[in-house]
Amino acid sequence: MTGEPLLAARGLTVRYGALTALVDMSWQVAAGEILGIIGPNGAGKSSCFAAMTHAVPRQGDVFLAGERVTDLPTYELARRGLRRTFQQNAFFGELTLLENAMAAMLREHSTSLPRSIALPWKEMATRRQAEAAAAELLSSFGIGPDEHGKRPGDIAYGTQRLLSVVLAYGSGARALLIDEPAAGTGGSDMKRLADLLVDLRRRGVAVVVIEHHMDLIMAIADRIVVIDQGRKLAEGTPAEVQRNDAVLEAYLGRAA
Ligand SMILES: Nc1ncnc2c1ncn2[C@@H]1O[C@H](COP(=O)(O)OP(=O)(O)O)[C@@H](O)[C@H]1O
Ligand SMILES: [Mg+2]
C-alpha cells in the first residue's frame, strides 16, 4: 500500500445476540486504492461494512483520514465522504435517474436548499444547475442522456447496478464501501462495473469492494482481505491470496 490510509478498521467485532459475525477485524485502504474483500456466504463481509458505517452496534474503531470517527452517526460519516452501497439495489423508484442523481447530490449540500426556496427564480436557476450537475455525474460514469429520463425500474439490471455505485459516489465520496456490485450480472455488465471501480480509483477514491466474482476482483483489486467465519484468514495481493494454502483450503478450493 502506498501513502497514509484514508480509511481504517481497527479491531472491529460485531455480535448479533449470541452470534458473533465479525471478530477483531482490521484493515486499511488508501486514497486511489481498491481493497477487495472476499469470503464465503455468511463470513461477515456485509457486517463489516455495517460496522464501518455505524449501522450496527460494534466494538473497535474506525479511522477516516487519520481521525477517529468511531462515535459519529451514519449520516455524519456519509457527509464526510464515507458511504456504502448495498447488496440489493436502493434508489427512489418513482424518480427518474436524473432526479435520483439530483437527490444524491443534494443530500450532500442540504444547507443550501432553504435559501433557494424563498426566491422562485433563484430556485429555477438552482434547479437548472442541479440538473446539469446530475446529468454530468451520470454521463461521466457512462450512463448516457438517453437513460436520464427513465425510472430505475425501466433500465437494464446491469445499469441499475452501476447506478447504485454512482449515486453513492454523489458529488464526490472519499471512501466507498461497495457490496457485491456484480451480483446477478455477467459478461459486458461485469466489464462496465470493473471499469467503473477502476475509474473511482483513478479519481482518488478509497474503494473497498466485496465481490464473489473471482475473476473480477482478482483483476482490479490492489490488495485482498479474505474473511472466513468472521475472522481475517489472509491478506495480500491477488497473486499472494490465490496461492495462500489456508485460502485454497477454506475458500477458493471449496468454490472450485
Ligand atoms: N441483522 C442481523 N441479525 C442477525 N444475524 C445477522 C444479521 N446480519 C447478518 N447476520 C448473520 O451474521 C453472519 C454474517 O452475515 P453477513 O455479514 O451478512 O455475511 P456475508 O456478507 O459475508 O455473507 C451470518 O451468520 C448472518 O446470518
Ligand atoms: Mg453480504
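All of the numbers you see were taken from the coordinates with simple rules; none came from a lab. Just so it is clear, the structure is predicted and the values come from calculations on it, not from any experiment. Backbone-built Cβ (ideal geometry, glycine too); neighbour counts: all protein chains shown.
Where does the chain land at 222 nm, in deg cm²/dmol rounded to the nearest 500, when only DSSP H runs of n ≥ 4 count, each adding -39500 (n - 2.57), divided by all residues?
Estimated from H runs of four or more residues: -10500 deg cm²/dmol.
Could you tally the net charge around D189, taking each other residue with its Cβ under 12 Å from the Cβ of D189, Lys/Arg +1 and Asp/Glu -1? Before the final figure, lay out the partial values.
Working: positive: R161, K191, R192; negative: D195.
Residues close to D189 contribute a combined charge of +2.
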- Query: Rounded to the nearest 0.05, what FRET efficiency is calculated for D146 and D215 with R0 set to 35 Å and r the Cβ-Cβ distance?
  - Reply: 0.70
- Item | Cβ charges +1 (Lys, Arg) and -1 (Asp, Glu), total dipole of the chain, debye | 500 debye
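Quickly rank 161-170, 55-64 as a protection proxy: mean count of other C-beta atoms within 10 Å, highest first.
161-170, 55-64
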- Calculate how steeply helix 97-106 sits against the longest principal axis of the alpha-carbon atoms of the chain, using the helix alpha-carbon long axis, and give the answer as 0 to 90 degrees to the nearest 10. 80 degrees
- Task: Please express the Cα-Cα pair-distance distribution P(r) of the chain as a list of whole percents, one per 5 Å bin, running from 0 to the bin with the greatest distance.
- Result: 1, 6, 13, 17, 18, 16, 12, 8, 5, 2, 1, 0, 0, 0
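Could you give the dipole magnitude of segment 130-216 about its Cα centre, charging the beta-carbon of Lys and Arg +1 and that of Asp and Glu -1, in debye to the nearest 20? Display every interim value, and only then the final one.
On the way: 9 positive and 12 negative charges, 45 e Å.
Using only the charged Cβ atoms, the result is roughly 220 debye.
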- Item | Length-normalised contact order of the chain in % [C-alpha pairs under 8 Å, at least 6 apart] | 27 percent
